[in-house]
């Protein structure tokens, strides 16, 4: 039977990949978090190793012992260790115990106790590990080789140094965890006898809760400032140009929907726009509008409605206009060295290569009413993040 | 690069800089009118009118204007200053003629009442937006305080009240007075064919009204010299703007003035940078030279922790005093020149920037300067010209405006404008 590989990147940047192996009865889950020793602060080499040890000593509602028992109870073989780039949390069990494993692992990643009382003992362990290298000349020479051959911090030993261990405090450890244990860049891989949809749903629920949220900042200002964000697809994604197309239907040029509906037809504000913003693992559409207090609610409502209306249809003439706009700015960019220097770096960073102009042109040509519509329907934002600032709180709708 | 010019029979001037290697072409109408040309009752009308031009003509309604620009992928906009209202668009070469057509069309607007009332709301929003930005507000107040009764003190945006009170007929009257052919320059830059452009442009503008648009009160001013503190409790930083007189746009000293401002207060590596920003006494500090028709001014500004304001004022005054009494070094001048030259070259790579440069140079000097000529002029500036600038303009006659949480602020003693060493010999 053919193996099936699934992949999904959640709104918060967390990536899940899974391979179904129907012929086995086990399942293994592997989580890599970008928090390896390459991220150790210069004065605390070894902190990632210490974290990988202490992180299993209690999480969520379980203390150290309870957690250990819970994992034993489902026959979970596991380990957590620091490498150069990642901290890796790994566990294997019967496939029917996978859901329980995910619950426990989610606690370990998101709610570790990092008990203060254990710090000294964990550090002691780590120190002994460093000392033991002295008794293993074979390993010592290879570590020295790596250190000289690879550029720092890639050549660093994950164990760190004795001085580094001394400098590590509970505070520093907590900070290191907070800073580096983030969904963006983290990869969860699962192999075994699994079902994709329930797995994806559970991981989403436990590790990528809906990011939507609202917040109001009270400030005595003339205008109410409105910021809206919702998830989109990343730079290299097959839907990337359809997503760019959708943003341009909303806010490309002055004939676009937001400008026309919010400003031109209703005179609600001076400035309103939407733009695509991305990181390597996660991308969003960010919208802005600023308006006097009395008109703020209507501005927000109309803006959200326009975003929602994208799924109701895209007009041929809109696509025609936005394609010319995209092409113009692409070609006109070629005039200035500063613009080009920026965009070739962006290409390299996201795609690992610089795209020839013809390729970009082709991608722009590929945008159609259909491709945009299919995209906005698939990625129709369920939840918005909305932040407002001003002297009146708004109603954020459902 | 080749330059062309043509004076039409109705008084419109058409100029163009053809750059065959450019990937785009830009076109713009430069109307020599702005807030300084307004009466008190009309305050804000230039800028409001700028918005109204995008609201449609006999041929197009507002939505159609935007659609037609977007249809050709134009990068287009407009701005209003104290003296100029400029409408511009840049496109791929094949759409240059279309862009010219749309711009020429909107320069003869319908000014429909319904659009007028709708856009009023947008303007009031724009004013509200700026009112929330103390860094911008302080400049508006500072200009008013410096220019006092000089028309250059007029606010570009006007006030919420002046916009509410404004009638469509007043705008129409202003339009008919100011948007006459002789008061407008049509400028193009980039990859386009001059003959085709000229023929098309002449045809599009042939019916424009002939006549004269006067500009009154063209005179220099050394400013009120006053000090004003505006308390605004809701801000955290204290903003300060100090204005002193400088040469007008047509003065040959304008190049020296730009370099002088750069030496005193460029955002990196200038005297104010080293004495205020590098050491963290101020969040930012800047000096820039603004040139106008018949007048000029240096705007020195900084924003900082309120507690630090008095001390920072002393430092700025000391820096200016030192520049006047001790002059600048050859090395500083060369460094400033390198910065200007690099900026000119880089700006010259974009047709949109060339359009602004070529257009403004023409409006103020009735001259064309290529990128190379512009660079040569800057290269030729020497210490003697900087000295002339210092001798001729009372740079320590500062009009100071500060806005922020401070309820009290004492303005430090400003030393008398010192006798400049060179001046004693002459």
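Note on chain A: helix-only mean residue ellipticity at 222 nm, from DSSP H runs of 4+ residues weighted -39500 (n - 2.57) and normalised by residue number, equals -13500 deg cm²/dmol.
Counting Cβ atoms of other protein chains within 10 Å of each Cβ in A:250-263 and taking the mean gives 3. Computed from label points 7 Å out along Cα-Cβ, the spacing between residue B:346 and residue A:286 is 2.2 nm. Taking only the C-alpha atoms of region B:160-290, Rg followed by Dmax gives 22.5, 60 Å.
Quick one: pull the percentage of alpha-carbon pairs in region A:218-353 with a separation above 26 Å. Summing the P(r) tail past 26 Å for region A:218-353 gives 31 percent.
Report the gain in length on full extension from residue B:176 to residue B:268: 0.36 nm times residue separation, minus Cα-Cα distance, nm rounded to one decimal. Spell out each step's value before the answer.
Details: separation 92, 0.36 × 92 = 33.12 nm, distance 4.51 nm.
Length difference between fully extended and current span is 28.6 nm.
Short-range pairs are left out: with C-alpha atoms under 8 Å and at least six residues apart, the relative contact order of chain B is 21 percent.
Cβ-Cβ distance of residue A:172 and residue B:338, R₀ of 41 Å, FRET efficiency by 1/(1 + (r/R0)^6): the value works out to about 0.35. Counted residue by residue at 0.36 nm each, then reduced by the alpha carbon distance between them, the extension gain from residue A:125 to residue A:340 reaches 72.2 nm. Sequence-distant contacts, meaning Cα pairs under 8 Å at least 6 residues apart, place the relative contact order of chain A at 21 percent. Stretched out straight at 0.36 nm per residue, the stretch from residue A:312 to residue A:265 would grow longer than its current Cα-Cα span by 14.9 nm. Between residue A:363 and residue A:197, the distance separating the two model label sites (each 7 Å from Cα on the Cα→Cβ line) works out to 3.2 nm.
If R0 is taken as 60 Å, the Cβ-Cβ distance between residue A:387 and residue A:146 corresponds to a FRET efficiency of 0.85. With kT/(6 pi eta Rh) evaluated at 20 °C and eta = 1.002 mPa s, and Rh the Kirkwood radius from Cα pairs, region B:227-408 diffuses with a coefficient of 124 µm²/s according to Stokes-Einstein. Distance between the 7 Å Cα→Cβ label points at residue B:81 and residue B:113: 3.7 nm. Considering helices alone, the calculated mean residue ellipticity of chain B at 222 nm is -13000 deg cm²/dmol, with DSSP H runs of length four and up weighted by -39500 (n - 2.57) and normalised per residue. If R0 equals 35 Å, the separation of the Cβ atoms of residue B:4 and residue A:327 corresponds to a calculated FRET efficiency of about 0.75.
To make sure I understand, if each residue's beta carbon is the centre and we count other beta carbons within 10 Å, what order do A:122, B:40 fall in, fewest to most? Intermediate values should be presented prior to the final figure.
Details: A:122 22, B:40 7.
Going from sparsest to densest Cβ surroundings: B:40, A:122.
Shape class for the protein assembly as shown, computed from the alpha carbon gyration tensor (a ≥ b ≥ c): prolate, with a/c not under 1.5 and a/b above b/c. The relative contact order of region A:4-207 comes to 40 percent, based on Cα pairs under 8 Å that sit 6 or more residues apart.
Convex hull volume of the C-alpha atoms in chain A, normalised per residue: 206 Å³.
Residues of B:211-224, mean number of Cβ from any other protein chain within 10 Å of their own Cβ, rounded to a whole number?
Across B:211-224, the average partner-chain Cβ count within 10 Å equals 0.
Highest mean first, the peptides A:60-66, B:394-400 sorted by other C-beta atoms within 10 Å per residue fall in the order B:394-400, A:60-66. Compared with the dominant Cα axis of chain B, that is its longest principal axis, helix B:113-131 is turned about 20°.
We did not get these values from a lab; they are worked out from the coordinates using the rules stated. In this text the structure is predicted, and so the values were computed from the model without any measurement. Methodologically, a virtual Cβ is constructed for each residue, glycine included, from the backbone with ideal geometry; neighbour enumeration extends over all protein chains shown.
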